[in-house]
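Down below is the structure, laid out as structure tokens.
What follows draws every value from the coordinates through simple rules; no lab data is involved. All figures in this text were calculated on a predicted structure; none of them were measured in a lab. Ideal geometry is used to build each Cβ from the backbone, glycine not excepted, and the neighbour counts take in all protein chains shown.
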Amino acid sequence: MNDGVDIRKSAYFRFYAELNDFIPGSRKQRSFKHSFKTPVTVRELLESFGVPLSEVDLVLSNGEPVDLSYMVQEEDNISVYPVFETLDISPVKITNKPPLRVTKFILDAHLGKLAKYLRMLGFDTLYDNDFKDPEIISIAASQHRIILTRDKVLLKSKEVNYGYYVRAIEKHEQLREVVKKFDLNSQFKSFSRCMTCNSLLEQVEKNKIKLMVDEDTFRIFKEFYLCKNCKKVYWKGSHFLRMEKMIRDLCD
Ligand SMILES: [Zn+2]
């Protein structure tokens, strides 16, 4: 008889793709046996492993999709897949996350350069040095934005629906990583958005910006774009050419 005493059981776990970043070396990329006190849910076990639930999209137990409230049984084979894994797992997604129709982001304070680059590619990207974690989480939830962060703790919050821990440190590598991760290539609308404030740009008559740029710039360039919000003026100068090259490289 079980007099309410916890019984130890064990099951096999396997984490896929970048979820291995949260798992110690000996358990990466392979099935491992783990013992635990029962009863226990998948959710509790994932939390005890330190894997942010916001990065988990699918859990299979013995090949069948299960909810995070699933009670793990003796000898179960549990497979855990990350969010936005490029494998097509859409027919069996477990979580009740609302679909993201447009890819929009909110970035934490460490990712200012990445924010500018995502805006350059036309993605609606919120970033503010002063955003506090709870603010990021609540804006992300209400506006259906994906949180990009270098802070694993932030992603462990239960209120985070869509979050991704950016692995790369260097800004160009970060951009490449995010573009690949979310398969953004087909959604580029380059140079449609202000890199400074995230508002949309519109092409303007040259005369309208005459007093806003220096004489040489005004004389040399024909096309000008104006941010509707912060009134920053853009033209296709040397910056533009460098960024165009960067975008071509991303598409390769
Ligand atoms: Zn602007």
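For the pair Phe131 and His110, the difference between a 0.36 nm per residue extended length and the Cα-Cα distance amounts to 6.5 nm.
Unpaired cysteine residues in the chain (no second Cys Cβ under 4.7 Å): Cys251. Only Lys, Arg, Asp and Glu carry charge here, each on its Cβ (+1 for the first two, -1 for the last two); on that basis segment 201-251 has a dipole of about 80 debye about its Cα centre. Rounded to the nearest 20 debye, the dipole size of segment 7-92 about its Cα centre is 520 debye, using +1 on the Cβ of Lys and Arg and -1 on the Cβ of Asp and Glu. Subtracting the Cα-Cα distance of Met212 and Glu44 from 0.36 nm times their residue separation leaves 54.7 nm of extension gain. Structure remark: mean-square fluctuation, Gaussian network model of the chain, C-alpha springs under 10 Å; the largest value among Lys37, Lys171, Lys231 belongs to Lys37. If R0 is taken as 41 Å, the Cβ-Cβ distance between His172 and Ile7 corresponds to a FRET efficiency of 0.20. Computed over segment 121-252, the Cα gyration tensor eigenvalues convert (square root of 5λ each) into semi-axes of 33, 18, 12 Å, ordered from largest to smallest.
Taking only C-alpha pairs under 8 Å that are 6+ residues apart, what is the relative contact order of segment 105-187 in percent? Relative contact order, segment 105-187: 28 percent. Going from the fewest other Cβ atoms within 10 Å to the most, the residues Leu250, Leu175 appear in the order Leu250, Leu175. Shape analysis of segment 105-187 yields a ratio of the Cα radius of gyration to the Kirkwood radius, Rg/Rh, of 0.92. Largest mean-square fluctuation among Gly25, Gly50, Gly112, in a Gaussian network model of the chain whose springs join Cα atoms under 10 Å apart, belongs to Gly25. Sorting Ile139, Ile23 by the number of Cβ atoms found within 10 Å of their own Cβ, with the fewest placed first, yields Ile139, Ile23. The alpha carbon convex hull volume per residue for the chain rounds to 146 Å³. With a cut-off of 16 Å, note down the residues of segment 113-132 whose backbone N falls inside the zone around a label point 7 Å from the Cα of Phe240 toward its beta carbon. Residues passing the 16 Å test: 120-122.
Checking a compactness column here: for segment 7-92, what do you get for Rg(Cα) / (2.2 N^0.38 Å), N being the number of residues?
Ratio of Rg to 2.2 N^0.38 Å for segment 7-92: 1.00.
By the rule of a C-alpha distance below 18 Å, with chain neighbours fewer than 8 residues away ignored, the lysines paired with Lys156 are Lys97, Lys132. In the elastic network of the chain, a GNM with C-alpha springs shorter than 10 Å, the most mobile of Pro82, Pro134, Pro24 is Pro24. Please tell me which of these pairs span more than 32 angstrom C-alpha to C-alpha: Lys180/Lys210; Lys33/Lys116; Lys116/Lys152; Lys104/Lys232? Distance filter (> 32 Å) returns Lys180/Lys210; Lys33/Lys116. Between segment 29-63 and segment 148-199, the alpha-carbon centres lie 26 Å apart.
Need one number for segment 201-251: average projected area of the convex hull over its C-alpha atoms, nm².
It is 4.0 nm².
The ranking of Tyr165, Tyr12 from fewest to most other beta carbons within 10 Å of each one's beta carbon is Tyr12, Tyr165.
Here each label is just a point 7 Å from Cα along the line to Cβ, and for Ser31 and Phe188 those points are 4.2 nm apart. Calculated FRET efficiency, Asn77 to Ala141, Cβ-Cβ distance, R0 = 51 Å: about 0.95 to the nearest 0.05.
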